[in-house]
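Asker: Quick one: structure below, then a few questions.
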Amino acid sequence: MQAGNQTSRRDAETSLPPRGAERLYIIGGILLIACGMIFGDLFAVFTLHQNAGRIEAEMLSAAGAVAAQDPSEVFNRFAAIGGLLENRGTKVDAHVHAINFGYLALLFALIQPYVAMASRARKQIALVFLTGAVMLPVSVFLIHYVGTKYGPTEILGWASIAADFGGLLVIIAALSLLPGLLRHLRGPKPIEAGGGKRRDGSRVLLAGGTLLILAGFLHGAYYAAFNLADHEEKDAAILRSIIDNSAAENMAAATREVRNYGALAGEKAVNIAAHSHIIEFGLLAILLAFIQPNVRLSEGWRRWWTGVFLAGSAILPVFVLLELRLGTVASIIADCGGALVITALGAMLVGVLRQGVSRGVKAR
Amino acid sequence: MLVIGGLLLSIWGMSYGLYYALLIEHQTLETIGSSLATSFASASQRKMDASRVNLESYALACFDYARQVDVHSHWIGLGILLVSLGVIFNRVSFGERLRFLLALALLIGSAVFPLGVMWQTMDRGPGPRVLASVGAALVTSALAGVAIGFVRARE
């Protein structure tokens with residue numbers, strides 16, 4: 001570990017400037033990913049399942065209103081379902097966008113050596129990007145609470161507009177990097193990302209990340225080929241059956257179909273969540289491989305946290321898929337997988353911050 | 001090629017997402033909610049034909065919405081993957097020609113696969129499905145090649 005520490009110190013002298021654009025992207029990116037994941041975990045534990053239960057109850061009430069020939073009550077129940085779906089949808093969107101912008105931030109850190117621009121301009125672009133990357137998920141989260149009350153149109157509130165503006169800032173930042181990239185293509189060849197220094201941890205992350213993405217692609221292709229159309233047909237068929245049974249005042253059959261509808265929604269959700277999480281963790285592993293030279297930890301700790309990250313990245317999606325068979329046990333194990341990933345990310349963030357402190361002391 | 005192509009694909013995906021969120025998404029969500037509610041309400045008045053028509057428009061709107069969101073996220077996600085792989089493509093332990101072919105397959109597949117999915121919202125025939133499948137197969141097989149290339153690499 002002592003030898004590893006010395007290696008880390010030598011690398012620190014050749015890698016990130018203390019307050020450059022790269023450092024902003026790395027710290028901002030890891031924070032966005034960690035916050036997005038913590039938010040996702042809290043959402044899964046405290047909102048997701050309760051929300052699904054309420055939607056099912058409202059659906060049953062709507063079926064009851066059909067049987068009772070009460071159209072106004074039907075609309076009331078669907079207004080309530082709409083509110084619950086918006087609550088869930090905006091939280092999922094906030095979670096997904098925070099994490100994806102985190103990936104993009106790490107990616108932009110990675111391509112900084114390829115961007116032929118003044119460091120001040122690159123830093124300003126980084127600030128524009130990070131402003132948009134925070135503004136969008138926060139605003140999306142607020143959509144459900146702010147609503148459209150004071151919005152410029154009946155279906156568009158200020159939170160939606162702020163979210164779209166955040167997205168625009170991210171696009172502007174990404175576009176601003178293009179001229180620098182193109183200018184660099186005409187210049188000398190770029191140095192390899194991460195100062196060209198390779199480490200065992202980074203190699204494991206690179207191979208592990210690619211294999212995770214490949215597994216996610218294969219699962220997605222299987223789902224699209226064999227389950228997607230079937231699920232869409234079942235969705236419409238179950239709804240038709242709920243309506244027909246309710247209209248025939250056969251509430252026992254209608255209730256059974258509402259339960260089937262909930263089960264189908266759950267099946268779709270776990271497949272999509274497993275597919276997206278395994279690919280995202282694979283991508284994150286590849287991106288983390290690049291920043292390893294900027295993580296000031298000993299080789300032993302680096303290998304440990306790499307292992308923890310990859311273990312969590314495999315555990316979460318696999319047990320999300322198993323939720324339908326194993327129920328709560330699988331959910332708890334999946335959440336533990338998420339916690340492993342978040343902890344490993346936190347440890348790497350500490351490593352990046354330690355390097356910055358060390359550089360700052362040296363500069364003084 | 002992968003870095004610039006991936007960045008362009010991500011920007012394209014984001015721009016498409018912004019356009020969709022601003023001009024189409026809210027209306028689509030409104031259609032999904034109102035057609036399902038109207039379908040149930042029509043059934044409560046025992047107008048079963050109207051109920052079926054509304055349920056069909058709900059299913060159509062859901063079909064479109066799921067694919068439009070997929071297209072947006074897949075273009076961005078694949079773009080980010082291309083840039084990441086582009087930076088370390090020299091670590092893929094194959095000859096220059098094979099590496100170029102793998103990169104080309106990744107780029108074409110990443111652009112074509114979401115395009116095929118988007119086409120499905122306009123045409124329910126086999127053409128869009130074939131295009132999406134070919135794109136997905138290109139990306140998956142090229143990624144498998146890249147994984148083998150990483151495993152073969154000796155540092």
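Asker: Can you list residue pairs whose Cβ atoms sit under 6 Å apart, with the first residue in the stretch A:132-145 being farther than 13 Å from A:S160 by Cβ and assigned by TED's automatic domain parsing to the domain that holds A:L84 and the second being surrounded by fewer than 21 Cβ atoms within 10 Å (Cβ to Cβ) and at pLDDT below 95? Count only pairs 6 or more apart in sequence or on different chains.
Answerer: Listed by first residue and then by second, the contacts come to A:G132/A:L169.
Asker: When you go through B:L104, B:L131, B:L85, B:L115 one by one, which is the residue that is over 21 Å from A:A229 (Cβ atoms) and touching a helix residue (DSSP H, G or I) at 6+ places or on another chain (Cβ under 7 Å)?
Answerer: After ruling out the rest, the residue left standing is B:L85.
Asker: Just one of B:L98, B:L81, B:L104 is under 19 Å from the mean Cα position of the chain (by Cα), farther than 30 Å from A:A65 by Cα and surrounded by fewer than 16 Cβ atoms within 10 Å (Cβ to Cβ); which is it?
Answerer: Among B:L98, B:L81, B:L104, only B:L104 is under 19 Å from the mean Cα position of the chain (by Cα), farther than 30 Å from A:A65 by Cα and surrounded by fewer than 16 Cβ atoms within 10 Å (Cβ to Cβ).
Conditions (1) out of contact with any Leu (no Cβ under 7 Å at 6 or more places or on another chain); (2) buried (at least 22 other Cβ atoms within 10 Å of the Cβ), marked per residue:
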{"position": "A:L205", "(1), (2)": "no, yes"}
{"position": "A:A215", "(1), (2)": "yes, no"}
{"position": "A:D235", "(1), (2)": "no, no"}
{"position": "A:R240", "(1), (2)": "no, no"}
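Asker: Quick check on my filter: what residues within the stretch B:46-92 are over 30 Å from B:G149 (Cβ atoms), touching a residue at least 24 places away in the same chain (Cβ under 8 Å) and facing chain A (nearest Cβ under 8 Å)?
Answerer: Residues satisfying the conditions are B:Y58, B:C62, B:F63.
Residue by residue, here is whether (1) among the charged types (D, E, K, R); (2) at pLDDT 90 or above; (3) surrounded by fewer than 24 Cβ atoms within 10 Å (Cβ to Cβ) holds:
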site	(1), (2), (3)
A:I272	no, no, yes
A:H275	no, no, yes
A:L284	no, no, no
A:V295	no, no, no
A:S298	no, no, yes
A:R303	yes, no, yes
A:V320	no, no, no
A:E323	yes, no, yes
A:L326	no, no, yes
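Asker: Only helices (runs of 4 or more DSSP H) wholly contained in the stretch A:250-364 count here; list those with 3 or more residues that are under 19 Å from the mean Cα position of the chain (by Cα) and not basic (K, R).
Answerer: The qualifying helices (runs of 4 or more DSSP H) are A:251-291, A:299-321, A:328-363.
Asker: Using beta carbons and a limit of 9 Å, which pairs, at least six apart or on different chains, have the first residue in the stretch A:91-115 and under 16 Å from B:G17 (Cα atoms) and the second one charged (D, E, K, R)?
Answerer: A:V96/A:E280; A:N100/A:E280
Asker: Within the stretch B:87-109, can you find the residues that are in contact with a Gly (Cβ under 7 Å, 6 or more places away or on another chain), at pLDDT 90 or above and small (G, A, S)?
Answerer: B:G109, the sole residue that qualifies.
Asker: Before we move on, is B:E30 more than 8 Å from chain A (Cβ to nearest Cβ), surrounded by fewer than 22 Cβ atoms within 10 Å (Cβ to Cβ) and either on the phi < 0 side of the Ramachandran plot or not hydroxyl-bearing (S, T, Y) (or both)?
Answerer: Taking the combined requirement at face value, the residue does not satisfy it.
Asker: Now for a different question. Say whether the condition of being of a type in the set (S, T, Y), touching a Leu at 6+ places or on another chain (Cβ under 9 Å), within 11 Å of chain B (Cβ to nearest Cβ) and crowded, with 18+ Cβ neighbours inside 10 Å is met by at least one residue in the stretch A:111-118.
Answerer: yes
Asker: Residues being aliphatic (A, V, I, L, M) and either buried (at least 18 other Cβ atoms within 10 Å of the Cβ) or modelled with pLDDT of 90 or more (or both): count how many of those fall in the stretch A:32-47.
Answerer: Going through the stretch A:32-47 one residue at a time, the tally reaches 5.
Asker: So which residues in the stretch B:140-150 are more than 7 Å from every other protein chain (Cβ to nearest Cβ) and either buried (at least 21 other Cβ atoms within 10 Å of the Cβ) or hydrophobic (A, V, I, L, M, F, W, C) (or both)?
Answerer: Residues satisfying the conditions are B:A142, B:I148.
The values are calculated or read from the model by the stated rules, or taken from the named source; none is laboratory data. No experiment lies behind these values; they were computed from the predicted model shown. Here the Cβ is made from the backbone with ideal geometry for all residues, glycine too, and neighbour counts use every protein chain on show.
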